[in-house]
Amino acid sequence: MGEDNMDYYRELFDLIEKQHEWRSKCINMIASENITSPAVRYAIVSDFGHRYAEGLLGGRDNGLQLFNRFYQGTRFFDRVEALTMKLAEDLFCAEHANVVPTSGTIANLAVYNALSENGDGISGLSVQAGGHISHTHISCAGVVGLRDISYAFDKDEMNIDVDESKKILLKEKPKIIMLGASLFLFPHPVGEMREIADEIDASLIYDGAHVLGLIAGKKFQEPLKEGADAITGSTHKSLPGPQGGIILCNKNIAHRIDNSAFPGLMSNHHLHHVAGLLVALAEMQEFGQEYAKQITKNAKTLAQSMYESGFNVLCEHKGFTQSHQVVVDVSSIGKGNEIANNCEESNIIINKNLLPGDSLKDTDNPSGIRLGVQELTHLGMKESEMKAVSGFFKRVAIDKENPKKVREDVSEFMKDYNKVHYCFESKLPV
Ligand SMILES: Cc1ncc(COP(=O)(O)O)c(C=O)c1O
């Protein structure tokens with residue numbers, strides 16, 4: 001390695017060290033992130049990360065029988081993937097799981113590719129109302145040529161307005177009806193949308209990217225039981241697995257979904273992440289209910305405490321939230337950009353967020369901030385810590401205290417929260 005190349009190498013390892021040092025002193029409340037347990041991390045750096053397993057696991061009549069790989073060398077991984085699928089099916093009460101997608105967006109694309117055709121409609125929430133771009137033509141719905149149809153949204157309820165949306169859907173007749181969102185406080189009306197889907201012969205898909213950990217912990221809602229044909233999702237938000245995607249679906253569409261994922265969209269999938277997912281699912285099976293219950297308690301406590309400190313927290317009349325998220329309108333105290341930047345200066349990592357009523361033009365400086373408590377909960381925080389976190393927000397955003405002073409106190413506070421909870425005890429070297 002030449003001197004210059006060694007410089008890149010040194011700089012990278014220096015940056016990794018700085019990242020770890022800085023982030024261990026930060027309160028992270030990005031609602032789409034989480035940290036993984038030591039055992040998940042061990043699986044991710046295992047030899048599976050060097051290997052290929054092209055082909056699908058098939059013929060699982062006895063639960064774990066394996067066929068259809070194109071390369072040799074997969075004997076142990078085949079068992080890993082079969083176990084991961086089985087555990088996912090058990091945990092989400094699904095007839096079939098596909099763990100091939102490498103992200104939530106790819107999981108959505110696989111479903112669209114399987115169940116719709118170029119020119120069909122897809123309905124979902126607009127981005128301003130909390131929908132994800134992958135439900136629209138600007139992302140993967142556009143890749144397969146789908147046409148966007150937005151639901152009517154009830155801002156007070158922070159939910160889909162079913163009656164008004166029904167009129168739109170009966171007229172536009174989308175082939176894919178998407179539920180789920182990125183700004184997601186309350187369960188979506190799966191049962192009512194099932195009835196509409198049946199009337200217009202559409203597939204009903206629930207994007208659980210944000211709330212899979214809550215669903216696994218028997219909180220929030222049970223989309224498949226309530227009538228969805230499939231759940232898609234990321235495996236790394238409230239579900240604390242490695243970054244990846246998953247599809248859980250009914251048997252009648254399993255074959256189409258599998259073929260869409262492979263060979264449709266993926267050649268090789270990420271075997272190490274499947275192994276990590278197996279650990280995360282086993283940990284959810286063991287500790288998920290306790291974890292999900294604490295997440296929802298923490299979110300409500302944070303929201304109540306911030307509300308009492310003078311923040312305009314959305315949906316006070318509905319108990320603020322039933323998910324891992326808390327949404328705050330900061331338009332009167334500096335708007336999303338300023339608040340998110342000042343929080344970062346204070347070692348509190350959050351994101352600015354469009355709120356219903358904002359225009360897409362406000363994307364760079366929207367009215368809201370979105371806070372997720374799933375990672376703090378995973379680090380063992382409970383209600384009293386949420387009140388402390390609320391106090392930090394007040395100092396930064398309402399009292400406008402110097403962020404440097406708050407940063408010192410946040411760093412001190414975080415010293416007690418560097419260990420993952422709700423996971424198997426592990427002496428693994430990570
Ligand atoms: C509702 C929703 N669906 C899908 C995704 C995409 O997931 P990924 O980032 O894993 O592609 C996100 C990302 O945040 C999301 O919020």
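The values are calculated or read from the model by the stated rules, or taken from the named source; none is laboratory data. This structure is a prediction, so every number in the text was calculated from the model and none was measured. Reconstructed Cβ throughout: ideal geometry from the backbone, glycine too, with neighbour counts over all protein chains shown. Only protein heavy atoms, including side chains, enter the accessible area calculation; ligands, DNA and RNA are left aside. Shrake-Rupley method; radii C 1.70, N 1.55, O 1.52, S 1.80 Å.
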Would it be correct to say that residue 254 is among the aliphatic types (A, V, I, L, M) and under 20 Å from the mean Cα position of the chain (by Cα)? no
Of those in segment 309-330 that are open to solvent by 10 Å² or more (accessible area, probe 1.4 Å) and free of Cβ contacts under 8 Å to residues at least 40 places away in the same chain, the residue farthest from residue 352 (Cα to Cα) is 319
Note on segment 117-145: residues more than 11 Å from the ligand (Cβ to nearest atom) and either farther than 24 Å from residue 190 by Cα or open to solvent by less than 10 Å² (accessible area, probe 1.4 Å) (or both) are 118, 119, 121, 122, 123, 129, 138, 141, 142, 143, 144, 145
Taking segment 134-155 as the region of interest, how many residues are touching a His at 6+ places or on another chain (Cβ under 8 Å) and of a type outside the set (Gly, Ala, Ser)? 3
Return a yes/no flag: does segment 386-406 have any residue that is surrounded by fewer than 22 Cβ atoms within 10 Å (Cβ to Cβ), at positive phi and at pLDDT below 95. no
Suppose we keep only residues that are in a helix (DSSP H, G or I) and either within 20 Å of the chain's Cα centre (by Cα) or aliphatic (A, V, I, L, M) (or both) within segment 1-22. Which one would you say is farthest from residue 212 (Cα to Cα)? 6
Can you find even one residue in segment 175-183 that is over 19 Å from residue 133 (Cα atoms), away from the ligand (no atom under 11 Å from the Cβ) and open to solvent by less than 10 Å² (accessible area, probe 1.4 Å)? no
For segment 93-116, give me each residue that is within 16 Å of the ligand (Cβ to nearest atom) and of a type in the set (A, V, I, L, M, F, W, C). 99, 100, 106, 107, 109, 110, 111
Hey, residue 218 part of a loop (DSSP other than H, G, I, E, B), charged (D, E, K, R) and within 16 Å of the ligand (Cβ to nearest atom) or not: no
